[in-house]
1. Could you work out what % of the accessible surface of the chain is carbon and sulfur, using a 1.4 angstrom probe and leaving DNA, RNA and ligands out of the count?
2. How many angstrom lie between the Cα centre of region 60-85 and the Cα centre of region 159-204?
3. So, taking all protein chains as they sit and a 1.4 Å probe, how much accessible area belongs to residue 209, in Å² rounded to tens?
4. Using only the Cα atoms, work out Rg/Rh for the chain, with Rh taken as the Kirkwood radius, to two decimals.
5. Can you compute the FRET efficiency between residue 252 and residue 194 using 1/(1 + (r/R0)^6), with r the Cβ-Cβ distance and R0 = 30 Å? Round to the nearest 0.05.
6. Quick one: accessible area per residue over region 119-177, 1.4 Å probe, rounded to a whole number of Å²?
7. Just to confirm my numbers, what's the Cα centroid distance between region 221-262 and region 86-109 in Å?
8. Would you kindly find the accessible area of residue 39, with a 1.4 Å probe and non-protein molecules such as ligands, DNA and RNA excluded, rounding to the nearest 10 Å²?
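The values are calculated or read from the model by the stated rules, or taken from the named source; none is laboratory data. Since this is a predicted model, take the numbers as computed values, not measurements. For neighbour counting, all protein chains shown are included, and Cβ atoms are generated from backbone atoms with ideal geometry for every residue, glycine included. These area figures cover heavy atoms from the full protein model, side chains too; ligands, DNA and RNA do not enter into them. Shrake-Rupley method; radii C 1.70, N 1.55, O 1.52, S 1.80 Å.
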Amino acid sequence: MNVLAFDTSNYTTSVAVFDGTQGHNVSRLLDVEQGSLGLRQSDALFAHIKRLPELTDRLFSDIGRVPLEAIGVSTRPRAVEGSYMPCFLAGESQARVLASALHLPLYTFSHQQGHIAASLFSSAHMELMDEPHLAWHLSGGTTELLYVTPEGCSVHAEKIGGTTDISAGQLIDRTGKLLGLQFPSGKELDRLSRSASDREVFRVKVKDMEFSLSGVQNKVEKYHSGKAEETAGYALRCLIGAIVEATKNALKQYPGCKVVFAGGVASNSMLRERCQALPAAFCPPQYATDNALGTAVLTWRACHAAADL
């Protein structure tokens, strides 16, 4: 039996099914005007509402007719009090209607929990769902180093480090705007950086497991000389240097832990290369970015845990 899940994050609409062994995810980025650094929440919510029928049609066109036993959805960014973004209402409303109409149980999770589950499943490290581990959530709105512990069928994520101001994704997209790239700029900045020379860069000050990126943005703007590949490489080396140093500090405090990387920035090739010496787990790039598969995995676990009681 399959479960169906929705995720309507700030910039991606996603629908997925999962049968306990394998899953299928269909996603599409929301449209953002050239030169813009994002969408207003009202515009993102409206875009999700328009996009969900299209993606659901495509999902079931791909997999055919399958029996469903539960519906899942991400309803907020993080599983903490006060975490809220209107864009998640699009997926939640669809999920609640379907669950009521089909007389199926509904399970809700946070977007962050879904990211962690997607990374663990697609990197073949599902055993970490039941073990303490470290996780980076690196995205357009979040750069958090988390201590993750089991919580029933899901996980509890405690923030122990990360940025104190702008996120990794914001730094990347602001660098992309400086270079005239389309939003979001992660993939193109990654591609450009592969042709950059490995020059010395500004070293971000890391205190324990926290660091600031606003100074990096200023350094990137001063460094920019018209060579897009050099600017891209400079920005990413500054960012990744801070992430690696914070990770090493965390491993001193949490020895023996595996480090899982989640979120769109975790698909960056330079980051993956420079973490090779660490006990790091990276998932395929398509499951590092926003997706509904992680929510589907959590939904399946919740549904079957309830059935076993």
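1. Values: 6860 of 13730 Å².
Carbon plus sulfur share of accessible area: 50 percent.
2. That distance is 30 Å.
3. My reading of the accessible area for residue 209 is about 10 Å².
4. Numbers: Rg = 19.2 Å, Rh = 19.7 Å.
Here Rg/Rh amounts to 0.97.
5. Values: r = 31 Å, r/R0 = 1.05.
The calculated FRET efficiency here is 0.45.
6. Working: 1960 Å² over 59 residues.
Result: 33 Å² per residue.
7. Using only Cα atoms to place each centre, the spacing works out to 37 Å.
8. For residue 39, the solvent-accessible surface is approximately 40 Å².
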